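Reading through the C-alpha cells given below for one structure.
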Amino acid sequence: RRLFFINAVSLPDNAHHPKDHLMPKEKPLDNIDIRILRALQKNGRLHNNELAQEIGLSNSACLRRVNILEENEIIDHYTAILNPQKLHCPLSAYVFGSFIEEDNSKRERFIFEMKLVPNIVECHLMAGDYDFVVKIRAADLDEFHRIKTKYLNKEIGVKNVKSEIVLQTIKESTELPL
C-alpha cells in the first residue's frame, strides 16, 4: 500500500503556476457533449435517464458529463421561457441610445438601473453608431413610452434615443449554434 502526499501551494487568482504550460487545457467538446447540449437546449427539463437514453449513454456516464459541463460553466443555468402574449407584455421594442459624455459614474449608474427594470429584458453596450441598445417588453405603446421616458433620460447620462417597435417576430431563440 502506497501513500501519496501532495503539497498544495496557494497562488493569487491572477498568478500562473510555473508549470501551466504542462497542465492539460480544458477538454474540447466531443460529439457526445454536443449532442447533450443540443438536447438540453431544446428541453432543459429532460430527466437524466431520458437524456441518457436519447444520447445513448448509461445514466451515470450521462450525469457525469452534464456535471462537467455545468462545472466548466458551459451550461450556465436552466430557465423557463415564458409566453409574453399570455403575460400581457406582447409589445417588443428596441431602443438605441447615446450617452451625453464619457462619464464613468453615469455609465455605471446606467448599467445599475438597467439591471433593475423588469421590462428591460436585454441591455448591451455597443461599438458603432450607438453606445447602447435595450430591448423592452411592454403591454402597449403607453407602457413602453412610460418606461422609456422614466429610465432612459439625462439623469443617468442618456443624450438621445431612437426607438424601433417590432411588428412581427420571425425567429426568436435562446439556442446557440452547435
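Here are the numbers for the structure shown:
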| read-out | value |
| --- | --- |
| Mean projection area, nm², convex hull over Cα of segment 110-168 | 4.4 |
| Helix-only CD estimate at 222 nm, as mean residue ellipticity for the chain, using -39500 (n - 2.57) per DSSP H run (n ≥ 4) | -10000 deg cm²/dmol |
| Residues with amide H under 5 Å from that of Val166, placed H, sequence gap 5 or more | Ser92, Ala93, Tyr94 |
| Amide H contacts of Val158 (H built 1.01 Å from N, under 5 Å, at least 5 apart or other chain) | Ile100, Asn153 |
| Spatially proximal lysines relative to Lys148 (Cα-Cα < 28 Å; intrachain offsets below 8 disregarded) | Lys86, Lys106, Lys115, Lys135, Lys159, Lys162, Lys171 |
| Values of log10 I(q)/I(0), in the order q = 0.14, 0.25, 0.27 Å⁻¹, for segment 66-132 under a Debye, Cα-only, solvent-free model | -0.70, -1.08, -1.17 |
| Per residue accessible area of the chain, 1.4 Å probe, in Å² | 79 |
| Surface share of carbon and sulfur [accessible, 1.4 angstrom probe, percent] for segment 17-140 | 53 |
| For segment 80-94, Karplus couplings with θ = phi - 60° (6.51, -1.76, 1.60), whole Hz, Gly/Pro x | 9, 9, 8, 8, x, 5, 7, 10, 6, 9, x, 7, 10, 9, 10 |
| Calculated over the chain: convex hull of Cα atoms, volume per residue (Å³) | 224 |
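The values are calculated or read from the model by the stated rules, or taken from the named source; none is laboratory data. All of these numbers come straight from a predicted model, not from anything done at the bench. Note: accessible area is taken over every heavy atom of the protein model, side chains too, but ligands, DNA and RNA are not part of it. Shrake-Rupley method; radii C 1.70, N 1.55, O 1.52, S 1.80 Å.
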